[in-house]
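The values are calculated or read from the model by the stated rules, or taken from the named source; none is laboratory data. Being a predicted model, the structure only gives us computed values, none of them experimental. In this analysis, Cβ positions are derived from the backbone assuming ideal geometry, glycine residues included, and neighbour counts consider all displayed protein chains. Only protein heavy atoms, including side chains, enter the accessible area calculation; ligands, DNA and RNA are left aside. Shrake-Rupley method; radii C 1.70, N 1.55, O 1.52, S 1.80 Å.
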Amino acid sequence: MSRKPGSTSASAGAPAISTEDMCPVCKTMRYLNKDMEFLINPECYHSMCVNCVNRLFNDGPNQCPYAGCHRTLRRKGFRSAFFGDLAVEREVDIRRRVAAVFNQVEDDFETLDDYNNYLQMVEDLTFDLVNGSDARRRQAEATLQQWEAEHRAEIERNRRAGRDADDAARRRIAAEREAARQRRVDALREAEQEKLDRARSREAELDSLASAGPDSASRVQLKRRGGQVAAQRALDAAVGAAEAASGGASGGGGAGGASGVGGASDVGRLSIRGLKEKKKPAASEGPYDPFGGLEFTPSRYRVLPGVHTHPGIEKYKSDPAHVTGGYDFDDYTARAMFEAFAGLAVFVEDEKEVGVGLSASEVTAISAGIAAVGDKMDLD
């Protein structure tokens, strides 16, 4: 079977060509030239490849090759786009240009409202330059040029102040980095000095061992052991206590044998005083109760399953909309009984007088104790 030239299978193998991969002027594709680079000019933001830019504008200013664009472009004005969307690139350039002219800060105004009005005016002007019609764009451009001409001295002063602030910030950041680097160098130097001091101390000890006699060598060895001396003394004290306990048991063994009190299991047993008694693990108290032993079985009444009925719920027991979902009517009965008995033996007036959680007898006892003690307090 023959295939049509316009069939899907024939067109599926060819890659789609987008405007970003082809120069609009010379129609060169990026597929054929991997190193092809596109440039734009802020005058009209029309992109073209580097070869077209060099061919058209190396000899001097020339008109933009795009149809309908009558802007005169120069070679030095072309640059690479930072953003993929040229509309965003154009808006960023316009905002940067407006910010260079309207560069006043809050300290230049008397009140905060004046500064906010100034920012609103700048934003309206920027919006007209970016998204306004041709008439509003020309008016905003004229306003921008007029402001720049009238406030040239203030703009230059603020620009110098901004540069000074940027320089001060860069110097502060550089000073902080240098201080951090110096701290790291000092820490490394201290660690190296400590290592050298330990090496020198070790060499001094070895030299003293080599030049001194046996007594001095033993003292140096004890000094190097340091913390092991206390542990050795504790061990010697424990051994002495064990020997004393063993000797006491042997001396009392004869008397015990004579009186018949001592047992054969105590003979030869080593006991050390001062050891902690080993605690036996606590016996298991059964499964964990999340309610802490709270009893939910009602004490004032008893609910029998299927016994308590009410005419209002009888018709729902045969309704599939209630029964199919697994609803238990005994739960409804239990809840109704609980709500009915929940308020019994609760007297609001008594709780207002004596307080919640205290009975009348407890309040009477507390009042009698306070009256007996009075307002005096004995201090030790």
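Using the average count of surrounding beta-carbon atoms within 10 Å as a protection proxy, the listed peptides 191-199, 70-78 rank, highest first, as 70-78, 191-199.
Residues whose amide H lies under 5 Å from that of Gly132, counting only those 5 or more places away or on a different chain, are absent; hydrogens are built 1.01 Å from N in the peptide plane. At a Cα cut-off below 14 Å, give the aspartates and glutamates reachable from Lys27, other chains included and same-chain residues fewer than 8 away excluded. Within reach: Glu37.
3J(HN,Hα) along the stretch 67-83, derived from phi through the Karplus expression 6.51 cos²θ - 1.76 cosθ + 1.60 where θ = phi - 60°, amounts to 5, x, 9, 10, 6, 8, 10, 10, 5, 6, x, 7, 7, 7, 6, 7, 9 Hz, with x in place of Gly and Pro.
Of the peptides 100-106, 33-39, 313-319, 289-295, the order by per-residue mean of other Cβ atoms within 10 Å, starting with the highest, comes out as 100-106, 33-39, 313-319, 289-295. With all protein chains in place and ligands, DNA and RNA left out, the 1.4 Å accessible area ranks His322, His310 as His310, His322, largest first. With a 1.4 Å probe rolled over the protein heavy atoms of all chains, the accessible area of Tyr327, Tyr31, Tyr118 falls in the order Tyr31, Tyr327, Tyr118, largest first. Ranked by the mean number of other Cβ atoms within 10 Å per residue, highest first, peptides 44-55, 178-189, 141-152 order as 44-55, 141-152, 178-189.
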